[in-house]
Amino acid sequence: MCRFGDLAAIVLYFAAMAAMGVYFARKNKSTEEYFLGNRSFPGWAVGLSMLGTSISSVTFLALPAASFALDFRQFVQSFGIVAAAVLACCFFIPFFRRGKMTSAFEYLEARYGAVVRCYAAGSFIILQFVRLATILYLMALPAAAMTGWNIFAIILITGIVVALYTSFGGFEAVIWTDVVQTILLLGGGILCFVLIACKLPGGFRQIFEIGLADGKFSLGPMSLALNDRTFPVVLLLGIVGFTTEYSGNQNVIQRYIAAKSTREARKATLLCVGMSLPTWGSFFFLGACLYAYYQVFGREPIAGLENDQVLPHFIFTHIPPFIAGSIIAACFAAAMSSLSSSINSIATVATVDFYRRFGRSGSDRRELRFAKRLSMLVSAWMIGGAVLIHYIPKESINDLTIVLGSLLGGGLLSIYMLGFFTVRVGEKALLAGLAVALLVNFAMLLHEFGVIELPVHSYWATILVNAVLAVVAWPLSLLWPNRKATDGLTVWDRQAGGALKRSGKVQ
């Protein structure tokens, strides 16, 4: 059961988040304030928000569990963020800050047409719906185990607090609560491995000695095998995954746009990258610390526990009250920063890419009311979806996530890359390439579920889908060349605004 000191720390955290939402609610008088905070955020705040959004409570527990059970090979994927950040600073940030955009998908209509924009925006919304329910539920599982509370009570309380400060506080509340939550998250992680080192007779030196002797710091084999998670494969996956995030994910793009200048947006991106690698590395290192601790003092206390239960067990059995509660609050913070970002981004995309795009808004005040009500509805779905997941066989929700992620998120990287770096590829060629790529994606799904056999691992699905889209769309553009104006929309033309402004879709 949760001790009084731990309960006090958790209640204090939730009260602070709710108070921040009330404070920022007074400032939202327009959609510009609600979606982007009047584009006035400093780079350091945006950077911390980007970091917090990328880390969920699953990460807080899963990364230590991965290195506790095996080694650091999953950390290799994180290196891909460096390549993505370079591309973002050179190309993506300047593009998305042109023409006063609000949504990441406004660019796609200017570059290709309304069909591509609606496909990408609709895919994003559906995937975020699944992400919201999944993150909230997976956060509630360890939280229930750590506190002894009923899992439905945790889902309801967490969901309501997130709904309040996100729906009423808008993007400014999202950014500043992200800052607080990220600091709490980092502090919780650091505190854990410092306490472990203090309990070990040999301190940090003993952690490294045991980790090196047992291969805990290995980054995986260096082979190019297509059916294993080797160093090159995981690195390539990281490059593709992070480049997709930094070029077409509304959660990231919205932060580019919300910064008060292009320079501040670049600062935010570099700060996020500079902090992400040591942050993720520290959580992997925490797993090595736990491994060393139980190697020294015996594994009997954790016999029968799952790998992701080892950290919660250590927190409640070895860390004093209130401090342990603060670490639990850090676990909540990791989830809530991701949840609030997704709720706000869904409201933004639904309002800008559909409600405003198809002429349903009429006025800024009506758009603001629509966005706030939609945020509340999305929050209600998040809570209901998390409860629903509890009654679905876990294999089913995992399969559902894989299917939706593959079918609806496939090819997004190539869509943006062909838009940025080519002039000839237009809507017709792109849609033809997308259709072929989704067929390949479907084949990969059948392979994943054992219906057919293919000579590659499912890790390659995202890479293959994007590659097929590009390989098919580019030659077809010779038959169906682009007829839309592209000035200001590709790297070959630096005219700010250009076709984006003339399209009339960006205000």
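Accessible surface for the chain, divided over its residues, is 39 Å² per residue with a 1.4 Å probe. With 0.36 nm allotted per residue and the present C-alpha distance subtracted, the K260-R373 stretch has 38.0 nm of extension available. Counting only protein heavy atoms and using a 1.4 Å probe, the accessible area of W381 comes to about 100 Å². Taking label points 7 Å from Cα along the Cα-to-Cβ direction, I160 and I323 give a separation of 3.3 nm. Keeping all protein chains in position, work out how much accessible area F204 exposes to a 1.4 Å probe, and write it in Å² to the nearest 10. Result for F204: roughly 90 Å² accessible. Take the alpha carbon gyration tensor of segment 178-254, find the square roots of its eigenvalues, order them as a ≥ b ≥ c, and report rounded if a/c is under 1.5; if not, report prolate when a/b exceeds b/c, else oblate. The shape class here is oblate. When you restrict to C-alpha pairs under 8 Å that are six or more residues apart and normalise by the size of segment 4-393, the relative contact order lands at 42 percent.
Dipole magnitude for the chain: about 2080 debye, using +1 per Lys or Arg Cβ and -1 per Asp or Glu Cβ, origin at the Cα centre.
In the chain, helices alone account for a calculated mean residue ellipticity at 222 nm of -24000 deg cm²/dmol, with every DSSP H run of four or more residues adding -39,500 (n - 2.57).
Relative contact order of segment 1-143: 20 percent, from C-alpha pairs under 8 Å at least 6 residues apart in sequence.
On the beta carbon distance between L454 and R26, with R0 = 51 Å, the FRET formula returns roughly 0.35. Taking a straight line from the alpha carbon of K484, these aspartates and glutamates sit under 18 Å away, with near neighbours fewer than eight places off in the same chain left out: E106, E109, E427, D493.
Here the simple spin-label model places points 7 Å from the Cα toward Cβ, and for L70 and L446 these points are separated by 2.8 nm.
Taken about its Cα centre, segment 410-492 carries a charge dipole of about 340 debye when Lys and Arg each add +1 at the Cβ and Asp and Glu each add -1 at the Cβ. Surface composition of the chain: carbon plus sulfur atoms contribute 67% of the solvent-accessible area (1.4 Å probe, protein chains only, all chains present).
Remark: relative contact order (segment 228-360) = 24 percent; criterion is Cα-Cα distance under 8 angstrom and separation of 6 or more residues. Taking 25 °C and 0.890 mPa s as the conditions, I'd like the Stokes-Einstein D for segment 4-393 in µm²/s, using the Kirkwood hydrodynamic radius from alpha carbon pairs. Estimated via Stokes-Einstein, D reaches 113 µm²/s. The candidates K29, K267, arranged from most to least accessible area with a 1.4 Å probe in the full protein assembly, appear as K29, K267.
Within straight-line reach of K199, meaning a Cα separation under 16 Å, sit the following aspartates and glutamates at least 8 residues removed in sequence or on another chain: E209.
Length gained on full extension, W492 to D364: 42.6 nm, using 0.36 nm per residue less the C-alpha separation.
Of the residues W460, W474, ranked by 1.4 Å probe accessible area with the largest first, the sequence reads W474, W460.
The values are calculated or read from the model by the stated rules, or taken from the named source; none is laboratory data. Owing to the predicted nature of the structure, the values given are computational and were not obtained by experimental measurement. No Cβ is skipped: glycine too gets one built from the backbone with ideal geometry, and neighbour counts run over all protein chains shown. Side chains included, ligands, DNA and RNA excluded: accessible areas come from the protein's heavy atoms. Shrake-Rupley method; radii C 1.70, N 1.55, O 1.52, S 1.80 Å.
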